Amino acid sequence: MKRKSLIYKTGVEYGDYTLNHALGCSHGCRYPCYAYMMAKRFGNVKSYEEWIQPQIVENTLELLRQELPRFKDKIQQLHLCFTTDPFMYEHDEIARMSIKVLQEANAQGIRCSVLTKGLLPECLVTLSRENEYGITVVSLNDHFIHEYEPGAAPIQARIQALRFLHDSGCKTWVSIEPYPTPNIVEQNLADILDAVSFVDKIIFGRLHYNRMVTEYDGYQSYYNQCVTRVIDFCTHHEIAYHIKTGTLQAKEAN
Ligand code: SF4
């Protein structure tokens, strides 16, 4: 599969520009995945089965070499990725391409942020120390993870890979998003926070587009309590944090 262009501006807080060098994602998250919903709506994939068979963008490096010089003075931080996963579990061809993308961007003086539900490779320690490496952790419960992120890496392995990068001096972060309500999985947010307390930054956000959330009586109060817990934890441990828009609300919405 080839594309006509790669880098584009985005409104997400991880980076002001992003690129997606694959279509689809084998992690197949059932939150549901917003990228999958959009790909289906716009006819880029026909089914979930097609979505979880990722296709790499074959002309990624060719496009990058054309686009990076043009964008390099505008980009504050290039995010990998917005509509796919750069270190898709057990998809080495995508991981290899992601490393090349990071190398090309860094060579132009562009710092990058990465977010994955796969395993961050150890070789990332050799890249720019301005890069920020993140993983998603919405639960430590393997059964739940297997159900909700069926193709993603086991959670402890994900955390260990991130820990290695942290211990090697890289900037690391965790996205606790989309965080489920207790009727979806019973768990203690404090356990998750403790498991990732070594990171430099935590992003927390609620689960959207899922009826089970709004069916949970008092879901907004619940999310408000979670936000307070995240802020208290981060303040105490001197960790930067960001609460996603729409997670904290002044009034009960249900
Ligand atoms: S890892 Fe991200 S892109 Fe992949 S299926 Fe899950 S939510 Fe979608």
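Quick note: the coordinates plus some simple rules give every number you see, no bench work behind them. Please read all numbers here as calculations on a predicted model, not as lab measurements. Here the Cβ positions follow ideal geometry from the backbone for every residue, glycine too, while neighbour counts run over all protein chains shown.
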**Asked** Running Debye on the chain with equal point scatterers at the Cα sites and no solvent, what base-10 log of I(q)/I(0) appears at q = 0.16 Å⁻¹?
**Response** -1.26
**Asked** Just going by the charge dipole of the range 130-254, with Lys and Arg at +1 and Asp and Glu at -1 on Cβ, which of THR245, ALA152, THR181 is farthest out on the positive end?
**Response** THR245
**Message:** Modelling each spin label as a point 7 Å along the Cα-to-Cβ direction, I'd like the GLU130/ASP142 distance in nm, to one decimal.
**Reply:** 4.1 nm
**Message:** Kirkwood Rh and Cα-based Rg: tell me the resulting Rg over Rh for the range 1-116, rounded to two decimals.
**Reply:** 0.95
**Prompt:** What length, rounded to one decimal in nm, is gained on full extension from GLN156 through to SER168, with 0.36 nm per residue of separation minus their alpha-carbon distance?
**Reply:** 2.5 nm
**Request:** Any chance you could run the full-extension gain for GLU122 through TYR34? It's 0.36 nm times the residue separation minus the Cα-Cα distance, nm to one decimal.
**Result:** 28.8 nm
**Asked** Under a point-charge model restricted to the Cβ atoms of Lys and Arg (+1) and Asp and Glu (-1), what is the dipole moment magnitude of the range 158-254 relative to its Cα centre, in debye to the nearest 20?
**Response** 320 debye
**Request:** Just report the Cα centroid separation between the range 44-58 and the range 149-224, whole Å.
**Result:** 26 Å
**Fill in**
Surpassing 28 Å at the alpha-carbon level, of the pairs LYS40/LYS117; LYS40/LYS201; LYS74/LYS171; LYS4/LYS171; LYS74/LYS201, are LYS40/LYS201; LYS4/LYS171
**Fill in**
In Å, the Kirkwood estimate of hydrodynamic radius for the range 62-209 over Cα pairs equals 16.0 Å
**Item:** Of PHE198, LEU127, LEU64, farthest towards positive along the dipole that unit charges on Lys, Arg, Asp, Glu beta carbons give the chain
**Value:** LEU64
**Prompt:** If you stretched the chain out fully between MET212 and LEU61, how much longer would it get, using 0.36 nm times the residue separation minus the C-alpha to C-alpha distance?
**Reply:** 50.2 nm
**Complete:** Semi-axes (Å, rounded, descending) of the ellipsoid equivalent to the range 134-207 per its C-alpha gyration tensor are 21, 13, 10
**Prompt:** R0 = 35 Å: FRET efficiency of GLU93 with ALA250, Cβ-based, nearest 0.05?
**Reply:** 0.15
**Request:** List the longest stretch of the chain that has no exposed loop site; here a site is one of the GluC sites (Glu not before Pro) assigned by DSSP to anything other than H, G, I, E or B, with at most 15 other Cβ within 10 Å.
**Result:** 131-185
**Request:** Could you give the size of the charge dipole of the range 1-116 about its Cα centre, using +1 on the Cβ of each K and R and -1 on the Cβ of each D and E, expressed in debye and rounded to the nearest 20?
**Result:** 400 debye
**Fill in**
Per the range 130-254, sqrt(5λ) over the Cα gyration tensor eigenvalues, sorted largest first, in Å, gives 25, 18, 11
